[in-house]
Amino acid sequence: MSIYAIGDIQGCHEPLQRLLDKINPDPAKDQLWFCGDLVNRGPQSLQSIRLVKSLGDCAISILGNHDLHLLAVSQGNRSHYHNKSMDDILEASDCDELIDWLRHRKLMHYDKGLKTALVHAGLPPQWTIEQALGYAAELEAVLQSEAFSDYCAHMYGNRPDLWDNNLSGWDRYRFMTNCFTRLRFCDNFGRLYLKYKLAPGTQPAHAHPWFQIKHRRSRDTRILFGHWSTLGYQQSAKTICLDSGCLWGGPLTAVKLERNSAQILQVPCKQQLKPGV
């Protein structure tokens, strides 16, 4: 069995199809890990989510911030919907089926054999891998419950910005959401700096890329993540950033995962948006 992890797609269906053609997975043996953000901003969100859904058990897709954004819009929360790039999904005959499929995706995946975790954005330094998996399951249960619509009404916001075991209700779920789907920078205490979105070096001096916090409790596990197109594809001994900026004219990236290595595969992408849009 081969496992391939794929970076942020964001509605760029045509590059995704070319990348899958290049991988040529065997659905009976191989796995495709998608790091989230299947939709939004790109030109073919409907085709992208349909394609990943059609892969069935071959695909493991976790939720990114843009996927949660689609879920919120589907429940009537349009407070952050400033373009029309997901209207094709919302108007599709299979919209309800797609939304139901999406809300049943995970926020984190862990492969014990590879000792590798997949998240969309990152983990705060206070959380172990075991704790993070528990918090992901807790939030997934909310998304899959009768509280789904209420969650969509309360998920946006940058507060609270520091973890506390006593956090409860929407504050607790919002912090979890922001870690799993929005985190880039934090300080040594784990305080989130969510408004900084550019490459390392543009943030305040006391904030650091989450994966560079030396005492991070998840540091002994290899973690794959996306979300950070301005960081770009980056591989170290214990982290791999899969988001190589397909939407912005960078390639779409996949890595073939082995226990102690990762082989990169990429396809070029036509720029769909100009930086800053």
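For segment 136-277, what D do you get in µm² per second when you plug the Kirkwood radius from alpha-carbon pairs into Stokes-Einstein at 4 °C and 1.567 mPa s?
On the way: Rh = 16.9 Å.
In µm²/s, the coefficient rounds to 77.
Taking θ = phi - 60°, what integer Hz values does the Karplus form 6.51 cos²θ - 1.76 cosθ + 1.60 yield along segment 136-142, in sequence order, with x for Gly and Pro?
Whole-Hz 3J(HN,Hα) from phi for segment 136-142: 4, 5, 4, 6, 4, 5, 5.
Running a GNM on the chain with Cα contacts under 10 Å, which residue among 203, 234, 47 ends up with the highest mean-square fluctuation?
Among 203, 234, 47, the largest GNM mean-square fluctuation belongs to 234.
Fewest to most neighbouring Cβ within 10 Å: what's the order for 82, 104, 227?
82, 104, 227
So what are the ³J(HN,Hα) numbers for segment 158-174, from phi and the Karplus equation (6.51, -1.76, 1.60; θ = phi - 60°), rounded to whole Hz, Gly and Pro as x?
9, 10, x, 10, 9, 5, 9, 4, 8, 4, 9, x, 5, 4, 5, 5, 5
Using amide H atoms built in the peptide plane, which far-off residues or other-chain residues are under 5 Å from residue 33 H to H?
Amide H neighbours of residue 33, under 5 Å, 5+ apart: 4, 5, 6, 60.
Which of the lysines could a cross-linker span from residue 195 if the Cα-Cα distance has to be under 27 Å and same-chain partners fewer than 8 positions apart are dropped?
By straight Cα distance, residue 195 reaches 84, 106, 214, 238, 274.
Quick one: Debye curve from the alpha-carbon atoms of segment 1-111 only, equal weights, vacuum; give me log10 I(q)/I(0) at q = 0.16 Å⁻¹ to two decimals.
-0.68
Using the 10 angstrom Cβ neighbour count as an exposure proxy, how do 142, 39 rank, fewest first?
In order of increasing Cβ crowding within 10 Å: 142, 39.
What translational D, rounded to a whole number of µm²/s, comes out for segment 46-203 from Stokes-Einstein when the hydrodynamic radius is the Kirkwood one over Cα pairs, at 10 °C and 1.306 mPa s?
My calculation gives 96 µm²/s for D.
From Cα coordinates alone, what are the radius of gyration and Dmax values for segment 179-239 in angstrom?
Using the Cα atoms of segment 179-239, the pair Rg, Dmax is 11.0, 28 Å.
Could you work out the longest stretch of the chain that avoids the GluC sites (Glu not before Pro) located in DSSP loops with at most 12 other Cβ atoms within 10 Å? Display every interim value, and only then the final one.
Working: sites that count: 91, 146, 258.
No qualifying site falls inside 147-257, the longest such stretch.
Lone cysteines in the chain, going by a 4.7 Å Cβ-Cβ cut-off?
Here 12, 35, 58, 95, 152, 179, 186, 241 come out as lacking a disulfide-compatible partner, given the Cβ-Cβ threshold of under 4.7 Å.
Of the DSSP beta bridges with both residues in segment 3-267, give the percent that are antiparallel, rounding to the nearest 5.
The antiparallel fraction comes to roughly 60 percent.
Calculated from DSSP H runs of 4 or more alone, at -39500 (n - 2.57) each and per residue, what is the 222 nm mean residue ellipticity of the chain, nearest 500?
Mean residue ellipticity, 222 nm, calculated: -8500 deg cm²/dmol.
Of 170, 72, 104, which is farthest towards the positive pole of segment 64-189's charge dipole, taken about the Cα centre with +1 and -1 on the beta-carbons of Lys, Arg and Asp, Glu respectively?
In segment 64-189, that residue is 170.
Just the ratio, please: alpha-carbon radius of gyration of segment 3-267 over 2.2 N^0.38 Å, N its number of residues. Working shown, then result.
Working: Rg = 17.2 Å, N = 265, 2.2 N^0.38 = 18.3 Å.
Here the answer is 0.94, to two decimals.
Using each residue's phi in segment 20-37, evaluate 6.51 cos²θ - 1.76 cosθ + 1.60 at θ = phi - 60° and report the 3J(HN,Hα) Karplus result to the nearest Hz, with x for Gly and Pro.
5, 4, 5, 6, 6, x, 8, x, 7, 10, 9, 10, 10, 9, 9, 8, x, 6
What is the dipole size for the chain, taken about its Cα centre, with +1 at each Lys and Arg Cβ and -1 at each Asp and Glu Cβ, in debye to the nearest 20?
So the dipole magnitude of the chain works out to roughly 1100 debye.
Here, each number is a calculation from the coordinates, and none is a lab measurement. Since the structure is predicted, the reported quantities are computational estimates derived from the model, not experimental observations. Here Cβ is always computed from backbone atoms with ideal geometry, including for glycine, and neighbour counts include all displayed protein chains.
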